[in-house]
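Heads up: the structure comes next, in structure tokens.
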Amino acid sequence: MAQAGSVIRRGSRFVLHPVTALRIAIVGAAVVIWEAVSAAGVLYRDVVPSLLTIGRALAGLLSDPSFYGNLDVTGAEIIAALAIGGGAGLLVGLVLGGSRFLARAYEPYLYYLGPTPKIIFFPVMIMWFGVGPASKIAMGALSCFFPIALSVPACARSIRF
Amino acid sequence: MSAVRSRFAQYAPPVLGFGTLVVGALVLEALIRAGAINRYVVPLPSQIIASFGRVIAGEEVVSRFLLTAGEALAAGLLITVVGVAVGALLHRFLLLRAAVETWIAALAAAPIVLMYPLFLVIFGRNATTIVMIGFVAGLAPVVLKTIEGLSGTRRVLINVGRSFKLTGRQLFWKILLPAALPTIFVGLRLGLIFALINIVGVEFLINFGGLGQLINELAERYDLPGTYAAICFVILVSVCFFAVTEWIERWLRPGR
């Protein structure tokens, strides 16, 4: 169901597109459930604060100018990590997808190494790249390399010709 | 002659892969001994191998391995059952799928593991919390790949089913699901990867037990060869799981 717009025209009236209406309903239900859990005090109180409290904290965060500097740095790190790790994963994936022989030789190792929690390599990254953004980009690149390098050969093999 | 060639074709790839690993380890050993890589950050591969003995003997590795593997198994079963069911549901109800599919993809990228205090409060400081975090982390790829697999069924197969007047349920179980199995298994492997990363990561964080806690302890003791040896046991867990999923896939799709 292609969503051309959030609001569609039915004769002279404007109604919400069904997909948008459903999304609003889902978000509404989630809000009600969260508030109910928070108000009922079923869980330890500070872990599930009221949405009003969260809203106030969010407003405070967004009005703090230093937030945007941090946001920029993280955004840039994510883009760089995705470009490096994703690009490398795409290249490796295409090579493995194109050659059955190489796939049988090396793909199992990608599956075995994939679940290693990459956080343990963080000290190594700091040693090599310093404490600046470069080590975070390296961590991100390492983490995103594996899912891409595993999905691309699978997709390449599913092409029918 | 062809028997020799087929024997070569069967064994050459694994030998190449393993050989590359050995050569890589030797090159790393040489670089560290030459001083090109700091040996206090990356320990000598020979030291890592040597530390296996004392790590196994002194650190209750077997019980930790079984705990981590058990948590991963529970999370894996939950991911499979719930993920395929949700994916099938979304495939069936197009409106729900259009509304929710991009949200699921977005949630897959979010570091849910940071919500571990909420999970601790809901489930308590036990293995259930870890299994639940692994479940939430690994669910999205299975759902998305199930939808992709079911939607990608070839039209001609569905038409054959319709020509036999199959009901919707029969069409699903006899044609759609078997056709989608390869894609679903790709999603399952991805989901298991995310689940295991988060399971070991949370064990690392909350010091509950299992291999994650062992990695944390050894790292804090600056026993780097031991830390990497413990990581090898985590890799062993994933090796076991992928062997099992490969065996199940071969059983479900004979002749491939």
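To keep it simple, each residue is scored yes or no on (1) within 14 Å of chain B (Cβ to nearest Cβ); (2) over 16 Å from B:P117 (Cα atoms).
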residue	(1), (2)
A:A30	yes, yes
A:V47	yes, no
A:L51	no, yes
A:P65	no, yes
A:Y68	no, yes
A:V73	no, yes
Sole residue being part of a loop (DSSP other than H, G, I, E, B), of a type in the set (A, V, I, L, M) and surrounded by 13 or more Cβ atoms within 10 Å (Cβ to Cβ), chosen from A:L43, A:L82, A:L91, A:L96: A:L43
Residue in region B:51-68 that is out of contact with any Pro (no Cβ under 8 Å at 6 or more places or on another chain) and more than 16 Å from B:L214 (Cα to Cα) present: no
Number of the exception - B:S51 against (1) over 20 Å from the mean Cα position of the chain (by Cα); (2) crowded, with 16+ Cβ neighbours inside 10 Å; (3) within 12 Å of chain A (Cβ to nearest Cβ); (4) assigned to a helix (DSSP H, G or I): (3)
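This table checks each residue for (1) surrounded by 12 or more Cβ atoms within 10 Å (Cβ to Cβ); (2) modelled with pLDDT under 85; (3) within 13 Å of another protein chain (Cβ to nearest Cβ); (4) assigned to a helix (DSSP H, G or I).
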| site | (1), (2), (3), (4) |
| --- | --- |
| B:A3 | no, yes, no, yes |
| B:Q10 | no, yes, yes, yes |
| B:F18 | yes, no, yes, yes |
| B:I37 | yes, yes, yes, no |
| B:V41 | yes, yes, yes, no |
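Identify all residues within region A:116-143 that are part of a loop (DSSP other than H, G, I, E, B) and either touching a Gly at 6+ places or on another chain (Cβ under 8 Å) or in contact (Cβ under 8 Å) with a residue 24 or more places away in the chain (or both); write none if there are none. Explain how you work it out, then say what you get.
Initially, region A:116-143 is screened for residues part of a loop (DSSP other than H, G, I, E, B), giving A:116-117, A:130-132.
The answer is A:P117, and nothing else.
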Checking A:G98 against (1) more than 30 Å from B:C232 (Cβ to Cβ); (2) within 25 Å of the chain's Cα centre (by Cα); (3) away from every other protein chain (no Cβ under 14 Å), the condition it does not meet: (2)
Some residue of region A:41-56 being at pLDDT 85 or above, of a type in the set (D, E, K, R) and out of contact with any helix residue (DSSP H, G or I) (no Cβ under 9 Å at 6 or more places or on another chain): yes
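Here is a yes/no grid of residues against (1) touching a helix residue (DSSP H, G or I) at 6+ places or on another chain (Cβ under 8 Å); (2) touching a residue at least 24 places away in the same chain (Cβ under 8 Å); (3) of a type in the set (D, E):
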{"site": "B:L107", "(1), (2), (3)": "yes, yes, no"}
{"site": "B:Y116", "(1), (2), (3)": "yes, yes, no"}
{"site": "B:T128", "(1), (2), (3)": "no, no, no"}
{"site": "B:I147", "(1), (2), (3)": "yes, yes, no"}
{"site": "B:Q170", "(1), (2), (3)": "yes, no, no"}
Residue match in region A:106-113 (condition: of a type in the set (D, E, K, R) and touching an Asp or Glu at 6+ places or on another chain (Cβ under 9 Å)): no
Exclusive hit being within 14 Å of another protein chain (Cβ to nearest Cβ) and over 27 Å from A:G97 (Cβ atoms), set B:F204, B:F241, B:F194: B:F204
Single residue of B:N198, B:N216 found to be under 14 Å from B:R64 (Cα atoms) and either polar (S, T, N, Q) or at pLDDT 85 or above (or both): B:N216
Selection from region B:71-102 of residues that are within 11 Å of chain A (Cβ to nearest Cβ), within 21 Å of A:S6 (Cβ to Cβ) and either in a helix (DSSP H, G or I) or in contact (Cβ under 8 Å) with a residue 12 or more places away in the chain (or both): B:L94, B:L95, B:L96, B:R97, B:A98, B:A99, B:V100, B:E101, B:T102
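The values are calculated or read from the model by the stated rules, or taken from the named source; none is laboratory data. The structure presented is a predicted model; accordingly, all values stated were derived computationally and were not measured. Glycine also receives a Cβ, built like all others from the backbone with ideal geometry; neighbour counts cover every protein chain displayed.
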